[in-house]
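Undergrad: Shown below is the structure under consideration.
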């Protein structure tokens, strides 16, 4: 009986470690994703509202609805070269980006699968910014279901600390 209890506890701990490491990975990916924000801000003449939308993107009850946020997500994705010229997810470069943030092969594949599913389920729209926002909203929802979403407060604190170091 005690062996069964130990195995249950070990499984719960391992699951917790996987979730924690996935949340850390998503936080680090988000921070690096936003590093090109300054370039996109200048190119797109972004407002402070867009910066706020991206800062609170992972907050579960915060809804990002502006077209400008979608354009920014698209711009950032292009800067990181994780989408191809047609605006579709570039699987290889996306996997590399994910793995650069401490992901193992299985987790990277799960993130890519979620992104592909969101891309496939997005309502077709000729406006690429609206499409990007739809994919991002779906991705956020699915990452929350996995309990992999980064803690918004920790993310903001780290971003602010990095900005003050510059």
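Undergrad: So residue 80 clears everything in (1) more than 19 Å from residue 143 (Cα to Cα); (2) modelled with pLDDT of 90 or more; (3) surrounded by 15 or more Cβ atoms within 10 Å (Cβ to Cβ) except one condition, right? Which one?
TA: (2)
Undergrad: Related question: Quick check on residue 102: is it surrounded by fewer than 19 Cβ atoms within 10 Å (Cβ to Cβ) and not in a helix (DSSP H, G or I)?
TA: Here the answer is yes, as residue 102 does meet what is asked.
Undergrad: Which number in (1) part of a helix (DSSP H, G or I); (2) surrounded by 14 or more Cβ atoms within 10 Å (Cβ to Cβ) marks the one condition that residue 92 misses?
TA: All conditions are met except number (2).
Undergrad: Turning to a different aspect of this structure: Kindly indicate whether residue 108 is assigned to a helix (DSSP H, G or I), touching a helix residue (DSSP H, G or I) at 6+ places or on another chain (Cβ under 9 Å) and within 22 Å of residue 21 (Cβ to Cβ).
TA: yes
Undergrad: Would you be able to tell me the number of residues in the range 129-166 that are outside any helix (DSSP H, G or I) and either in contact (Cβ under 8 Å) with a residue 60 or more places away in the chain or under 16 Å from residue 28 (Cβ atoms) (or both)? If you could, list the steps in order and put the result at the bottom.
TA: Start the filter on the range 129-166 by keeping residues that are outside any helix (DSSP H, G or I), which leaves 146-151, 166.
Now drop any that are not either in contact (Cβ under 8 Å) with a residue 60 or more places away in the chain or under 16 Å from residue 28 (Cβ atoms) (or both), which leaves 146-151.
Qualifying residue count, the range 129-166: 6.
Undergrad: Which residues, counting only those in the range 113-128, are assigned to a helix (DSSP H, G or I), within 22 Å of residue 71 (Cβ to Cβ) and out of contact with any helix residue (DSSP H, G or I) (no Cβ under 9 Å at 6 or more places or on another chain)?
TA: 120, the sole residue that qualifies.
Undergrad: Give 64, 9, 19 a once-over and let me know the one that is farther than 21 Å from residue 112 by Cβ, more than 12 Å from the chain's Cα centre (by Cα) and modelled with pLDDT under 95.
TA: Checking each option against the conditions leaves just 9.
The values are calculated or read from the model by the stated rules, or taken from the named source; none is laboratory data. None of these values were measured; they are calculated from a predicted model. All Cβ positions, even for glycine, are placed from backbone atoms using ideal geometry, and neighbour counts span all protein chains on display.
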